[in-house]
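**Student:** The structure under discussion is supplied below as structure tokens; questions concerning it will follow.
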Amino acid sequence: MTTAEDRRLLIEELRRTDLARVINDIRAARELPKLRYHFTKHGAVLAAATPQDYLSRLWRHLERPDLEFYATRRGQGDIMWYAVDVDHQEIAQYNANVRRLWSYYLSRDFDQFLRLGKLIRIVFSELDGHWMVET
Amino acid sequence: MKHEWTVEQDIATYRMRVRGIPDDYNWETDVLEALIGRSKIAEIWDQLTAGQQAEVRRTDDALLQQHERVAEMLPSPAPHDRSHWWWFLHEGPQVREEAQAA
């Protein structure tokens with residue numbers, strides 16, 4: 001589990017990150033490695049008939065103006081981002097270290113996932129006009 | 001509008017998530033979604049056919065085999081009933097039998 005110290009270090013790293021650049025990269029990403037693997041795993045619940053259909057749905061998801069963004073550290077230390085359509089519980093996952101989309105799926109319960117996964121929210125401050133880490 | 005999950009989708013997604021746990025690619029997400037999904041199945045357990053219950057138990061067996069990896073994402077910060085033994089796998093694979101015996 002992520003410790004409080006891990007969380008503090010991640011927040012520090014995110015504050016040094018060009019958050020707008022990462023979010024732009026996520027929104028502009030078009031390739032999903034292991035497409036067939038992801039389609040087999042998540043395509044049916046997303047009502048995607050083919051891998052291309054699944055990919056098209058992912059692209060449409062990334063164009064949604066109301067996506068919420070979260071980040072956490074996963075695996076071998078990679079920072080994983082989650083671009084979430086909260087209303088539909090759809091998530092595009094993005095590995096910021098390798099700058100690639102990582103997965104696309106429907107969460108069974110994003111509120112629980114948010115708590116258990118200890119995600120850090122990235123919010124747009126209308127006041128300051130830029131993305132910032134919510135603590 | 002949130003997706004209305006069918007029993008079949010819950011069972012299939014749980015199975016897919018558990019299958020993904022041994023894979024290094026995205027195992028943390030698979031663990032969390034598997035545990036969340038297993039609790040959803042527990043909520044509707046009585047609606048499952050005997051065949052569906054048997055299928056879930058087989059997936060439970062596969063989850064138990066991955067208890068060490070699952071443990072890396074536990075304990076859960078949220079409270080859970082001990083009957084939902086999957087949230088206590090950091091204590092060891094015996095938690096299922098303990099829950100069933102209780």
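The values are calculated or read from the model by the stated rules, or taken from the named source; none is laboratory data. In this text the structure is predicted, and so the values were computed from the model without any measurement. When we count neighbours, we look across all protein chains shown, and the Cβ atoms used for this are built from the backbone with ideal geometry, even at glycine.
**Student:** With a cut-off of at least 2 residues that are over 20 Å from A:Asp109 (Cα atoms) and away from chain A (no Cβ under 12 Å), name the helices (runs of 4 or more DSSP H) lying wholly within region B:1-78.
**Tutor:** On the way: elements: B:7-20, B:27-43, B:50-65, B:67-71.
Result: B:50-65, B:67-71.
**Student:** Determine if region A:8-17 includes at least one residue that is part of a helix (DSSP H, G or I), surrounded by 12 or more Cβ atoms within 10 Å (Cβ to Cβ) and in contact with a Leu (Cβ under 8 Å, 6 or more places away or on another chain).
**Tutor:** Checked against the condition, which is being part of a helix (DSSP H, G or I), surrounded by 12 or more Cβ atoms within 10 Å (Cβ to Cβ) and in contact with a Leu (Cβ under 8 Å, 6 or more places away or on another chain), region A:8-17 yields no hits at all.
For (1) facing chain B (nearest Cβ under 8 Å); (2) surrounded by fewer than 18 Cβ atoms within 10 Å (Cβ to Cβ); (3) at pLDDT below 95, each residue gets a yes or a no:
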position	(1), (2), (3)
A:Arg73	no, no, yes
A:Val84	no, no, no
A:Gln93	yes, no, no
A:Arg100	no, yes, no
A:Ile120	no, no, no
A:Val133	no, yes, no
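**Student:** For region B:42-73, enumerate the residues that are surrounded by 13 or more Cβ atoms within 10 Å (Cβ to Cβ) and modelled with pLDDT under 95.
**Tutor:** Within region B:42-73, just B:Met73 meets the criteria.
**Student:** Hey, another quick one. Could you tell me how many of the residues in region A:33-80 are part of a helix (DSSP H, G or I) and within 22 Å of A:His130 (Cβ to Cβ)? Spell out the reasoning first.
**Tutor:** Our first condition is that a residue be part of a helix (DSSP H, G or I); within region A:33-80, this holds for A:35-42, A:51-63.
Subset that is within 22 Å of A:His130 (Cβ to Cβ): A:62-63.
Selection size over region A:33-80: 2.
**Student:** Could you please find all residues in region A:18-32 being basic (Lys, Arg) and either surrounded by 13 or more Cβ atoms within 10 Å (Cβ to Cβ) or in a helix (DSSP H, G or I) (or both)? Steps first, answer last, please.
**Tutor:** Applying the first criterion (basic (Lys, Arg)) to region A:18-32 yields A:21, A:27, A:30.
The answer is A:Arg21, A:Arg27.
**Student:** The conditions are (1) surrounded by fewer than 24 Cβ atoms within 10 Å (Cβ to Cβ); (2) within 8 Å of chain B (Cβ to nearest Cβ); (3) assigned to a loop (DSSP other than H, G, I, E, B), and A:Arg108 fails exactly one of them. Which is it?
**Tutor:** (1) is the only condition that A:Arg108 fails.
**Student:** Now for a separate question. I'm checking my understanding of the structure. Among residues of region A:2-61 that are over 19 Å from A:Val98 (Cβ atoms) and of a type in the set (S, T, N, Q), which one is farthest from the chain's Cα centre (by Cα)?
**Tutor:** We begin by selecting, within region A:2-61, every residue over 19 Å from A:Val98 (Cβ atoms); these are A:2-9, A:11-12, A:15, A:20, A:36, A:39-54, A:56-57, A:59-61.
Within this subset, residues satisfying the condition of being of a type in the set (S, T, N, Q) are A:2-3, A:40, A:50, A:52, A:56.
Values: A:Thr2: 18, A:Thr3: 21, A:Thr40: 20, A:Thr50: 23, A:Gln52: 20, A:Ser56: 17 Å.
Among them, the one singled out is A:Thr50.
**Student:** Follow-up. Quick one: which of A:Leu116, A:Leu101 is in contact with a helix residue (DSSP H, G or I) (Cβ under 6 Å, 6 or more places away or on another chain), within 25 Å of B:Gln9 (Cβ to Cβ) and among the aliphatic types (A, V, I, L, M)?
**Tutor:** On the way: A:Leu101 fails: in contact with a helix residue (DSSP H, G or I) (Cβ under 6 Å, 6 or more places away or on another chain).
That would be A:Leu116, the only listed residue that is in contact with a helix residue (DSSP H, G or I) (Cβ under 6 Å, 6 or more places away or on another chain), within 25 Å of B:Gln9 (Cβ to Cβ) and among the aliphatic types (A, V, I, L, M).
**Student:** Okay, next question. With in contact (Cβ under 8 Å) with a residue 12 or more places away in the chain and not hydrophobic (A, V, I, L, M, F, W, C) as the only criterion, which of A:Asp78, A:Asp111, A:Asp18 stands out?
**Tutor:** Working: A:Asp111 fails: in contact (Cβ under 8 Å) with a residue 12 or more places away in the chain; A:Asp18 fails: in contact (Cβ under 8 Å) with a residue 12 or more places away in the chain.
None of the others qualify; the one that does is A:Asp78.
**Student:** Here's a follow-up. Give me the pairs: first residue in region B:75-102 and among the polar types (S, T, N, Q), second residue surrounded by 14 or more Cβ atoms within 10 Å (Cβ to Cβ), beta-carbon distance under 7 Å, and six or more apart or on different chains, which are they?
**Tutor:** Close Cβ pairs (under 7 Å, with a partner that is surrounded by 14 or more Cβ atoms within 10 Å (Cβ to Cβ)) amount to B:Ser76/A:Leu116; B:Ser76/B:Trp87; B:Ser83/B:Ala99.
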